[in-house]
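Contents: one structure, followed by commentary.
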Amino acid sequence: MKIIFLLIFTFSINVFSQNAEMLCNENIIDKEYIANSKIKTQFVVLNLNNKNEITVFAEKTNDSIFSIYMSNNSKDSISIAKQDWRIYLIQEAKNKDGKWKPIEYWRNSWCGNSYLSQTLKPNEIIKTDSKAYVGNYKTEIRFKILVNEKNYYSNILKGEINDSQFIFSDSAKAKSGYYRFSKIGGDNIAQKVIFIESNGVKEFSIKNKKYVAWLRKKAEKRNKKESQ
């Protein structure tokens, strides 16, 4: 009996601790997904008073998975940027002050082959799955998506996390690539990129061009001095 208790206790600790810090979102696009009548009807209702180009709907599929659906609510096709077959998406939660805060970050790839695009036709619906956390803090959850430098948000769901997931720790910063962005763009722009804020990538690109130009100018001066 004591052995069984120890096994259950160890398992509980492992489950509890696995979500102890902010993690990278690893959503998985369902390439074979075809919307059923239930989801289509859901979007018809959502789009009645929605003037946004993109509509996002989320539901909890089981204890460990959220399914997030995205529909083109415009009359024109929209190009959706993807990275390694993932949508630019992170999960947010309400903290104890009632403010929405990220509990996930986005890790940008430095490989050019990772970047893809997909054409979303009018009224077309695509689906991706994202992790549902467990933890010591019951709260509200929503999903934030970045499409063409604009943010869109899902409906609000009940969920639970560990409150330590609100902390953007040094470990999370290192894993996310935050320090590489902050070195060039500063802390504010780095956080915009990591937390997929609208115009974050654009602002970083401007800073990066200036940084590259400065490096080039510095190299030219050095070369000129060495040749004299």
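The values are calculated or read from the model by the stated rules, or taken from the named source; none is laboratory data. Keep in mind the model is a prediction, meaning the values are calculated, not measured. In this analysis, Cβ positions are derived from the backbone assuming ideal geometry, glycine residues included, and neighbour counts consider all displayed protein chains.
Quick check, is Asn52 under 22 Å from the mean Cα position of the chain (by Cα) and over 30 Å from Asp170 (Cβ atoms)? Here the answer is yes, as Asn52 does meet what is asked.
Summed over the range 88-143, the residues that are over 23 Å from Gln191 (Cα atoms) and touching a Cys at 6+ places or on another chain (Cβ under 9 Å) give a count of 0.
From the set of residues in the range 55-84 that are of a type in the set (Lys, Arg) and either outside the structural domain of Asn148 (by TED's automatic domain parsing) or surrounded by 12 or more Cβ atoms within 10 Å (Cβ to Cβ) (or both), which is nearest to the chain's Cα centre (by Cα)?
Lys82
Within the range 87-121, if we keep just the residues that are part of a strand (DSSP E or B) and modelled with pLDDT under 90, the residue that is farthest from Phe204 (Cα to Cα) turns out to be Leu116. In this structure, is Ile194 surrounded by 18 or more Cβ atoms within 10 Å (Cβ to Cβ), within 30 Å of Thr61 (Cβ to Cβ), in contact with an Asp or Glu (Cβ under 9 Å, 6 or more places away or on another chain) and in contact (Cβ under 8 Å) with a residue 40 or more places away in the chain? Against the criterion (surrounded by 18 or more Cβ atoms within 10 Å (Cβ to Cβ), within 30 Å of Thr61 (Cβ to Cβ), in contact with an Asp or Glu (Cβ under 9 Å, 6 or more places away or on another chain) and in contact (Cβ under 8 Å) with a residue 40 or more places away in the chain), Ile194 does not qualify. For the range 160-171, the criterion of being at positive phi and touching a residue at least 40 places away in the same chain (Cβ under 8 Å) is satisfied by no residue at all.
Within the range 109-128, which residues are surrounded by fewer than 18 Cβ atoms within 10 Å (Cβ to Cβ) and not hydroxyl-bearing (Ser, Thr, Tyr)? Answer for the range 109-128, where residues must be surrounded by fewer than 18 Cβ atoms within 10 Å (Cβ to Cβ) and not hydroxyl-bearing (Ser, Thr, Tyr): Trp110, Cys111, Gly112, Asn113, Leu116, Gln118, Lys121, Pro122, Asn123, Glu124.
Restricting Ile189, Ile184, Ile196 to residues that are farther than 17 Å from Lys94 by Cα, touching a strand residue (DSSP E or B) at 6+ places or on another chain (Cβ under 9 Å) and not in a strand (DSSP E or B) narrows the list to Ile196.
Yes/no per residue for (1) among the small types (Gly, Ala, Ser); (2) under 18 Å from Asn27 (Cβ atoms):
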residue: Glu140; (1), (2): no, no
residue: Glu149; (1), (2): no, no
residue: Ser176; (1), (2): yes, yes
residue: Gly186; (1), (2): yes, no
residue: Phe195; (1), (2): no, yes
residue: Lys207; (1), (2): no, no
residue: Lys225; (1), (2): no, no
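The residues of the range 122-144 that are within 19 Å of Lys99 (Cβ to Cβ) and either hydroxyl-bearing (Ser, Thr, Tyr) or part of a strand (DSSP E or B) (or both), listed by number, are Tyr133, Tyr137, Lys138, Thr139, Glu140, Ile141, Arg142, Phe143, Lys144.
Here is a list of conditions, (1) at pLDDT below 90; (2) in a strand (DSSP E or B), and Lys60 meets all of them except one; can you say which number that is? Here Lys60 meets the rest and fails (1).
Looking at Ile196, Ile141, Ile126, just one residue is closer than 17 Å to Tyr105 by Cα and assigned by TED's automatic domain parsing to the domain that holds Ser79, and that residue is Ile141.
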